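Single-structure report; data block below.
The values are calculated or read from the model by the stated rules, or taken from the named source; none is laboratory data. In this text, all values refer to a predicted model and were calculated from it rather than measured experimentally. As a convention, Cβ positions derive from the backbone with ideal geometry for all residues, glycine included, and neighbour counts pool all protein chains shown.
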Amino acid sequence: MYNGIENKVTKYKWGKEIIPGITSVATPGHTPGHTSFVVASGFSKVLIQSDVTNIPEFFLINPDWHVAYDIDPDMAQQTRHKFYGMASAENALVVGFHFSFPSMGHVEKNGTGYRLIPIAWNPVI
């Protein structure tokens, strides 16, 4: 079905800088092979994730919970702790496709879980 596509795809490894300033991060568990990215410039850093969790309102607060959509529940749990622990320790801005508008904020450690502190939305750049 995908005959010949392998020559048109550039493969990369987790934990490696793909291009200057963009590093891949292994975040599998909720979906197989899921990858997040760290975009860095100087001292600024943005963590971009889509499926570290599908319902952040539940799984940031309760990263040990599992959902039927977690392909590998134990790995998803480990990934949530690793990713959100890194985000909170580094006070990095996090962009999440399943987050409520404006879909970005900072993650703060909260007991055994985490919470998202959304950034203030400003339509003016």
Residues that are hydroxyl-bearing (Ser, Thr, Tyr), modelled with pLDDT of 90 or more and within 18 Å of LEU93 (Cα to Cα): find the strands (runs of 3 or more DSSP E) completely inside segment 1-79 holding 1 or more of those.
22-26, 35-41
Take ASP70 and tell me if it is closer than 24 Å to TRP14 by Cβ and in contact with a Ser or Thr (Cβ under 6 Å, 6 or more places away or on another chain).
no
For segment 39-91, which residues satisfy the criterion of being closer than 15 Å to ARG115 by Cα, in contact (Cβ under 8 Å) with a residue 24 or more places away in the chain and among the hydrophobic types (A, V, I, L, M, F, W, C)?
VAL52, ILE55, LEU60, ILE61, PHE83, MET86, ALA87
Which pairs have Cβ atoms under 8 Å, sit 6 or more apart or on different chains, and link a residue in segment 105-125 that is over 11 Å from SER88 (Cα atoms) to one that is in a strand (DSSP E or B)?
PRO118/MET104; PRO118/GLY105; ILE119/LEU93; ILE119/MET104; ILE119/GLY105; ILE119/HIS106
Options GLY96, GLY105: the member that is buried (at least 18 other Cβ atoms within 10 Å of the Cβ) and in contact with a Ser or Thr (Cβ under 7 Å, 6 or more places away or on another chain):
GLY96
Considering only residues that are over 18 Å from ASN54 (Cα atoms) and within 12 Å of the chain's Cα centre (by Cα), which ones fall in segment 89-114?
ALA92, LEU93
Residues in segment 1-25 that are touching a residue at least 24 places away in the same chain (Cβ under 8 Å) and not β-branched (Val, Ile, Thr): how many?
0
Of the numbered conditions (1) closer than 30 Å to PRO123 by Cβ; (2) crowded, with 18+ Cβ neighbours inside 10 Å; (3) touching a helix residue (DSSP H, G or I) at 6+ places or on another chain (Cβ under 9 Å), PRO28 fails exactly one; give the number of that condition.
(1)
Could you list, in sequence order, the residues of segment 93-118 that are of a type outside the set (Ser, Thr, Tyr), at pLDDT below 90 and assigned to a loop (DSSP other than H, G, I, E, B)?
PHE97, HIS98, PHE99, PHE101, PRO102
